Structure formats: C-alpha cells, structure tokens
Amino acid sequence: MKPYQFLPLLLSVLFACNRSDKKKSPLPIQAPPTIASLNNIPGAESFDSFNSQFHSDSGFQLSRIPFPIDGQCVNDLENTRWSKKNWEFLKTPVALDPDTSECKHSLTMTDSMVTEKFWIDQSGFKVERRFKLKDGKWFLVYYDDINM
C-alpha cells in the first residue's frame with residue numbers, strides 16, 4: 001500500500017480535530033460616555049466648558065437655544081411652548097450626581113446628545129432637557145418643565 005493514499009484521510013482528520021465549536025467571545029460592553037469623555041471629541045467644544053458657561057451667562061444661553069425648541073412649560077394654569085419671550089434662565093448645570101434627595105435623576109449621554117431628567121413619581125413633576133452637538137457646538141434642543 002502506498003503511504004500517500006492515506007494522506008487525504010489523515011489531513012481531513014487533522015482539520016476536523018482542529019475545528020472547535022467554541023462560541024465567539026462576546027464583544028466587550030462599552031460603557032456609556034461620561035461628561036469627561038465628551039470633552040475629548042475631536043473638533044467639538046468641551047461639554048464641561050459649554051455646560052459651565054451655558055448655566056452662568058444668560059446671553060450665551062440664549063445664543064445656544066434654536067428657538068422655537070421642542071418641549072413645553074406645563075403647570076396648573078397653562079401649557080406653553082418655549083420661545084425667546086417666555087424663556088426662563090436655567091442656572092443648574094448638567095451633573096452626573098446632582099445634589100437632590102427629593103427627585104429621581106437620570107443622565108444619558110452619547111457623543112452627540114446629552115439627556116438629563118428629574119422627576120418625582122406620581123407627582124406630576126418632571127423636567128427633561130436635551131443638549132445636542134451640532135457643527136462642533138452644543139445646543140439645548142429640548143426642554144420640558146412639567147409641574148402640575
């Protein structure tokens with residue numbers, strides 16, 4: 001018998017033994033961005049510096065709100081859409097861990113959107129604001145202030 005006759009059989013056995021049904025390792029879960037990581041987006045202004053100036057300078061704040069914006073002001077007396085005329089200066093900066101015990105808080109961040117919410121369950125109170133990165137600059141694009 002020729003030794004080369006078994007070569008294809010031997011190779012197929014070797015390849016079959018080398019195959020494994022190992023599951024592919026899962027991709028690592030990427031943590032959501034933090035405020036600090038939003039400061040390192042190439043070509044974009046730092047969210048920290050925007051956040052600080054936006055909540056301390058009323059002229060800057062008005063320049064970074066493309067009125068009319070989505071969202072509304074709702075209370076027991078009226079339901080109003082936001083405009084430049086009825087805008088109320090926002091003083092509280094976006095924070096990862098705000099100093100509040102009465103309200104629940106959530107903060108969702110991507111590299112181009114920051115959404116912050118405050119609410120009290122079953123109370124009729126909710127505040128939501130969204131900041132969006134457009135052409136390298138941050139803007140407030142949504143503000144909901146519900147207090148019924």
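May I ask you to compute the full-extension gain from Met148 to Leu77, defined as 0.36 nm times their residue separation minus their alpha-carbon distance, rounded to one decimal in nm?
Here the answer is 24.7 nm.
How do 78-89, 43-54 rank on mean C-beta neighbours within 10 Å, highest first?
Going from most to least packed, we get 43-54, 78-89.
Residue-wise, which Karplus ³J(HN,Hα) couplings in Hz belong to region 60-72, taking 6.51 cos²θ - 1.76 cosθ + 1.60, θ = phi - 60°, and x for glycine or proline?
5, 4, 5, 6, 10, 10, x, 4, x, 10, 6, x, 7
On a straight-distance basis, which aspartates and glutamates could pair with Lys91 in a cross-link, Cα separation under 12 angstrom, same-chain partners fewer than 8 positions away excluded?
Cα-Cα hits under 12 Å: Asp57.
Name the shape class, rounded, prolate or oblate, that the alpha-carbon gyration tensor gives for region 33-147, where a ≥ b ≥ c are the square roots of its eigenvalues, rounded holds for a/c under 1.5, and otherwise prolate holds if a/b is larger than b/c and oblate otherwise.
Judged from the Cα gyration tensor, region 33-147 comes out oblate (a/c at least 1.5, b/c at or above a/b).
Residue by residue, what Karplus-based ³J(HN,Hα) values in Hz, rounded to whole numbers, does region 108-116 have, using 6.51, -1.76 and 1.60 with θ = phi - 60° and x for Gly and Pro?
Karplus values, whole Hz, x for Gly and Pro: 10, 10, 10, 6, 10, 8, 10, 10, 10.
Residue separation times 0.36 nm, minus the C-alpha to C-alpha distance between His55 and Glu88: what's the value?
10.7 nm
The numbers here are math on the coordinates, done by the rules we state, and not lab data. Every value quoted in this text rests on a predicted model; they were computed, and no experiment measured them. No Cβ is skipped: glycine too gets one built from the backbone with ideal geometry, and neighbour counts run over all protein chains shown.
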